[in-house]
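The values are calculated or read from the model by the stated rules, or taken from the named source; none is laboratory data. On a predicted model such as this, the values are computed, not experimentally measured, just so you know. Note: ideal-geometry Cβ built from the backbone for every residue, glycine included; neighbour counts use all protein chains shown. Note: accessible area is taken over every heavy atom of the protein model, side chains too, but ligands, DNA and RNA are not part of it. Shrake-Rupley method; radii C 1.70, N 1.55, O 1.52, S 1.80 Å.
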Amino acid sequence: MADGAKVRTVADLMSKEVLTVAPTDTVASACALMLERGVGSTVVLHDDRPVGILTERDLVRITADGADLATAMVSQWMTADPDSVPSNAPVNDAFVSLRQHGYRHFPVVDGGRLVGMVSLRDLLKLAPILQIEDPGLPESRRGLEGVMVAETAVGDVRGTEGFYHYRQYNATELAEKRSMEDVWHLLYEGHLPDRAEREAFTAEIASLRQIPSAVKELLPAIANAGETFVPLDALRSAYSTLVTSVGFRSWMDIDRATLRENAMRTSAVMPTLIMALYRLSQGKDPIDPHPDLSYAANYLYMLTGEVPDPGHARAIEQYLISTTDHGFNSSTFTARVITSTGADLGSAVVGAIGALSGPLHGGAPSRALDMLDAIGTPDQADAWIRQHVLAGEKIMGFGHRIYKTDDPRSVMLRGVAERLGGPMVDFAKQVEKTVVAVLAELKPGRQLYANVEFYAGVVMDNVGLPRTLFTPTFTSSRVIGWTSHVLEQAADNRLIRPSAHYDGPPPPVPVPDPV
Ligand SMILES: CC(C)(COP(=O)(O)OP(=O)(O)OC[C@H]1O[C@@H](n2cnc3c(N)ncnc32)[C@H](O)[C@@H]1OP(=O)(O)O)[C@@H](O)C(=O)NCCC(=O)NCCS
C-alpha cells in the first residue's frame, strides 16, 4: 500500500499545536487566547491531563448569563470530561461520532494525554471522499487498443483480414482504379463523382492551391528558422500562419459550407506549402502550382518545375490514395478530439500534424530506407536485423497496431514498386523476407509484417522524392482523411473527454506546510 493510505486516521488530520488553558484561568484570558490564535475552542488541562473543553458555544452561554468574564473561572463554564478520540481512530468513525454528538471539536487523546485536536471542518475535507484501498486491476486499455471511441462512416480497418476501406469501397481497389481527386470527393461528399462533379471538384481544388501572399512572404523565415530543416515543424508553423491569415474560426461559429471550404483549402494548399518550404530550405525559390496538372502530378511538378513522367505521377498518386485514411489512427483521433471541443479546423490539423510527426506513426519511411542503406547487401540482412532486434530496437517499417497479417497497403505498394523497377526494389523484397522471418523467430506470436512505411519509402525514392519529403508527402494525403473526419465530427458532435485510471498514492493527503 502506498504511503498515502494512512491519511485515513485522525493522526494525519489533527492539529498538534493545541491551545490549552488551566481550570483556574479566567474566562476572559481564555477568550483572549482563543481570539489571538484564531481557534474556536481550548482544552482545559490539569496535571497534563485533559479535564474539560471550553468552546465558542460556552462563551455564548456565559454572555447570555450576564457573568463577569474577568472573574468567571474556566472550571465553572467548561464542559467537563469531554468526549475524545484516539489518534488512530479512522477518519470516518471520528466524523460520524462528532455528527452524532453535535460537537464541532474533539480533543485527540492517547493514553490519557492530549496529543492534538480535530475539528469537524478538518474531517469534512476528507470524510466524503472515499478512499480506494485497492485500486484493483487497471480498467483502462493501454494505448486505447481495441476501444471503440466514435461512430464513423468515413472508413475502417480490419486487422486480421488485412483489409481497409473508404466509405464502402476497398481502399487498395480505389488506388488501382481511381484518381486522388475522385477519392477525395468520395471522402468529403460521401460518393464517387460523376464526370461533371469531377470537373467541378478538380477546378475547385486548383483554385485553392495558391498560398496567400501574406503567408508566402513569411515562408523563407519559417523554412530557415532552425539550424536544420525539420519539415513537419516548418509545415505546422506555415499552415498555422495560413489559418490565421485566412481567418478560420470555431466551426460552431460558421456554417457548414464555410467549414467545408476550410477543409478544401487546407487539403488543397498543403502540397504547395510542403514543396515551397522544402525548396526554400534548399535555397531555391518555390514553384507555383501548375493549374492544368492533376493533384499528384502537380505535387511532383512543384518539386522540380518539370511535368513529371506519368508513371511516376501515377505511382505517387497510388501511394497518396492508399494513405489518405486509416481508421482511428493517432493523428486522426487527435484531429477529432480537437474538433470535438469546437476548435477551428486549423487547430485540428495542426494537432494532427504533430501526432503524425512521431516515428511510431508517420515518421518511419525515411528510417526504413536508412535501414536498407545500413544493411547494405542482402547477405548482411539477417545478422543486422538479428542484432538490432536483440538489442531491443524496432525495425522501422514493420509491425502494426491493427494488422496482424500483411498490411494491404504494403502489398499494394510492393506492386507499385515492382512496376517502377530498379535495384532497390529487389533488395527491399529480400530484406522484407528476412525481417519477417527473423521477427517470427525472435518475437514469436507477435505477427509482425511489413507495414505501409516500408515500401512507401521505396516508391517515393523511386519517383525522385528526397527522404526529407517522405513524411510530409504522407501528410499531404492524410490531411484529406483528417479533414473528412473533422467534417464528420462537427456534423454530429459530442465532446471527447475520456477518463483515466489513477494509480498513484491514495488521495487526499494533507498538503504539508512549506519548509
Ligand atoms: C507500429 C508499432 C508502433 C505498433 O506498436 P504496438 O501495437 O504498440 O505494438 P508493440 O510495440 O507493443 O509491439 C508488440 C511486440 O512486438 C514487437 N515489435 C513490434 N514492432 C516491432 C518491430 N518493428 N521490430 C521489432 N519488434 C517489434 C515489440 O517489441 C513487442 O515485443 P514484446 O512483446 O517482446 O514487448 C510498432 O510495430 C513499431 O514501433 N514499428 C516500427 C515503427 C513503424 O514502422 N512505424 C510505422 C507504423 S505505420
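What the table shows:
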quantity	calculated
Test: residue in segment 371-394 that is β-branched (Val, Ile, Thr) and surrounded by fewer than 16 Cβ atoms within 10 Å (Cβ to Cβ)	yes
Residue, nearest to Phe454 (Cα to Cα), within segment 352-374, restricted to residues that are touching a Ser or Thr at 6+ places or on another chain (Cβ under 9 Å) and more than 10 Å from the ligand (Cβ to nearest atom)	Ser366
Pairs with Cβ under 6 Å, 6+ apart, first in segment 219-237 and closer than 20 Å to Ala348 by Cα, second charged (D, E, K, R) and modelled with pLDDT under 95	none
Residue within segment 429-445 that is more than 10 Å from the ligand (Cβ to nearest atom) and in contact with a strand residue (DSSP E or B) (Cβ under 8 Å, 6 or more places away or on another chain) present	yes
Some residue of segment 433-451 being of a type in the set (Ser, Thr, Tyr) and closer than 21 Å to Thr323 by Cβ	yes
Selected residue (criterion: nearest to the ligand (Cβ to nearest atom)) from residues of segment 450-480 that are open to solvent by 10 Å² or more (accessible area, probe 1.4 Å) and closer than 14 Å to Met275 by Cα	Thr471
Residue within segment 221-242 that is within 21 Å of Ala343 (Cα to Cα), open to solvent by 30 Å² or more (accessible area, probe 1.4 Å) and more than 26 Å from the chain's Cα centre (by Cα) present	no
Sole exception among (1) touching a residue at least 24 places away in the same chain (Cβ under 8 Å); (2) away from the ligand (no atom under 11 Å from the Cβ); (3) of a type in the set (Gly, Ala, Ser) for Ala297, by number	(1)
Candidate set: segment 386-412, residues that are more than 30 Å from the chain's Cα centre (by Cα) and either of a type outside the set (Lys, Arg) or in a loop (DSSP other than H, G, I, E, B) (or both); chosen: the one nearest to the ligand (Cβ to nearest atom)	Leu390
Those residues of segment 113-148 which are open to solvent by less than 30 Å² (accessible area, probe 1.4 Å), of a type in the set (Gly, Ala, Ser) and modelled with pLDDT of 80 or more, in sequence order	Gly116, Ser119
Asp492, sole failed condition from (1) within 21 Å of Arg314 (Cβ to Cβ); (2) at pLDDT 95 or above	(1)
